[in-house]
Amino acid sequence: MSPSRCAAAVLPRPQAVVTVTTIDLKPPGPGEVLLRIEACGLCHSDLFIASLERLARTPLVLGHEGIGRIEAVGPGVSDWIPGDRAGVTFLGTTCGSCEWCLSGRRRFCPEQTNFGYTLAGALAEYTVAPAAGLVRVPADLPAAVAAPLCCAGWTARGALREAGLQPGQSVALFGLGGLGHLALEIARLQGLRVAAVDVSEEKIEFARARGAEIALSGPDPGRVLQKEQGGVDAAIVFTAAASAVSQAFRSLRPNGTLVLVGLSRSQYELPLVETVTRGIAIRGSYLGTRQDLEETFRLLGAGAVRPFVHTHELAETPALLDQMRCGGLMGRAVILF
């Protein structure tokens, strides 16, 4: 028998404090499934969404790094059965017929829905979700370490692909949190020379232990990378701090690529003369391809990627979000159900 109520981390209204409360559950309707959540990671995008002045729906269950099992399916669902392992990512449904969907770039579909934003998210014991928005997850992956791959690992791999680097080239990773620490491991697997940059000495020591060739936390890391290394081929900014964007730009060698990932409403003043005369490319990177996600799951299964996670109970979510806002979390905080 399907549950009618469950506990969830809820944003009651825009810019309000996230609370843990009990919500009502409806049976899955046409095209929907009931998913029992095993684990869900906490992402900086949850903070960004909670900070917005307007949202399409509130109260809103947050969370888009979920791993769970199908408990029940609604009418018309034929590709999922109870017991299947499913993942919740930020990308929900898409139209399936626009130029972006037809060219393997579903994440840019203008009609997309998003878990934990326009759809109920995965920071709940159960969620009712459109079956078309879920991804298949290997049955043997531990939920706590697989959950962060649904956003952090997927996005990190996608950003490295956007950088367009070849083995032996150099990349600077700005921000060694949930995304950055996974990007470090994936970059090393790709044969890249990695510089890790963060304001936290603890995270810098962690990056050194994980194999970063260079690790910096000083006041002007971009200048240091220019002076001591001649610049880097690409810089990827995982943090939302505008100052990190400036430093990342400064760290680039001629024809370098700046990849922006962190979401922020801050403004960055682009140095136009340097951008033109040094041939700098600037790219935004949003999630990744489905192949990126599948490859990230494969790397985890092979033991090549080791997400650094610490597990918590759902009741701890509001305090964890506060710590994340202050940059006080190492690796990825994961709510284990």
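The values are calculated or read from the model by the stated rules, or taken from the named source; none is laboratory data. Predicted model only: the values in this text are computed from it and were never measured. When we count neighbours, we look across all protein chains shown, and the Cβ atoms used for this are built from the backbone with ideal geometry, even at glycine.
Inspect segment 87-95 for any residue being at pLDDT 95 or above and surrounded by fewer than 19 Cβ atoms within 10 Å (Cβ to Cβ) and give the result as yes or no. Among the residues of segment 87-95, at least one is at pLDDT 95 or above and surrounded by fewer than 19 Cβ atoms within 10 Å (Cβ to Cβ), which makes the answer yes.
For the residues 269, 274, the requirement of being more than 18 Å from the chain's Cα centre (by Cα), farther than 26 Å from residue 107 by Cβ, of a type outside the set (S, T, N, Q) and outside any helix (DSSP H, G or I) singles out 269. Please go through segment 174-215 and give me each residue that is part of a loop (DSSP other than H, G, I, E, B), among the aliphatic types (A, V, I, L, M) and surrounded by fewer than 16 Cβ atoms within 10 Å (Cβ to Cβ), ordered by number. Correct list: empty.
Conditions tested, residue by residue: (1) out of contact with any helix residue (DSSP H, G or I) (no Cβ under 8 Å at 6 or more places or on another chain); (2) surrounded by 13 or more Cβ atoms within 10 Å (Cβ to Cβ); (3) not β-branched (Val, Ile, Thr).
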position: 272; (1), (2), (3): yes, no, yes
position: 281; (1), (2), (3): yes, yes, yes
position: 291; (1), (2), (3): yes, no, yes
position: 314; (1), (2), (3): yes, yes, yes
position: 333; (1), (2), (3): no, yes, yes
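One residue stands out in segment 1-52 among those that are charged (D, E, K, R) and out of contact with any strand residue (DSSP E or B) (no Cβ under 8 Å at 6 or more places or on another chain): the one that is farthest from residue 333 (Cα to Cα), namely 13. Among the conditions (1) outside any loop (DSSP other than H, G, I, E, B); (2) in contact with a Leu (Cβ under 7 Å, 6 or more places away or on another chain); (3) over 22 Å from residue 251 (Cβ atoms), residue 310 misses just one, which is (2). Which of the following residues is closer than 17 Å to residue 180 by Cβ, assigned by TED's automatic domain parsing to the domain that holds residue 163, free of Cβ contacts under 8 Å to residues at least 40 places away in the same chain and polar (S, T, N, Q): 217, 251? The unique qualifying residue is 217.
Among the listed residues 240, 244, which satisfies the condition of being in contact with a His (Cβ under 8 Å, 6 or more places away or on another chain) and at pLDDT below 95?
Within the list 240, 244, the selection yields 240.
Filter segment 216-239 down to the residues that are of a type outside the set (D, E, K, R) and part of a strand (DSSP E or B), then identify the one that is surrounded by the fewest Cβ atoms within 10 Å (Cβ to Cβ). Ranking the qualifying residues of segment 216-239, first place goes to 216. Scanning segment 300-311 finds no residues that are crowded, with 18+ Cβ neighbours inside 10 Å and over 29 Å from residue 161 (Cβ atoms).
With respect to the stated conditions, residue 44 fails to be within 26 Å of residue 315 (Cβ to Cβ), under 17 Å from the mean Cα position of the chain (by Cα), crowded, with 22+ Cβ neighbours inside 10 Å and modelled with pLDDT of 95 or more.
State whether one or more residues within segment 69-82 are closer than 28 Å to residue 318 by Cα, crowded, with 19+ Cβ neighbours inside 10 Å and touching a strand residue (DSSP E or B) at 6+ places or on another chain (Cβ under 6 Å). Yes; the residues of segment 69-82 include at least one that is closer than 28 Å to residue 318 by Cα, crowded, with 19+ Cβ neighbours inside 10 Å and touching a strand residue (DSSP E or B) at 6+ places or on another chain (Cβ under 6 Å).
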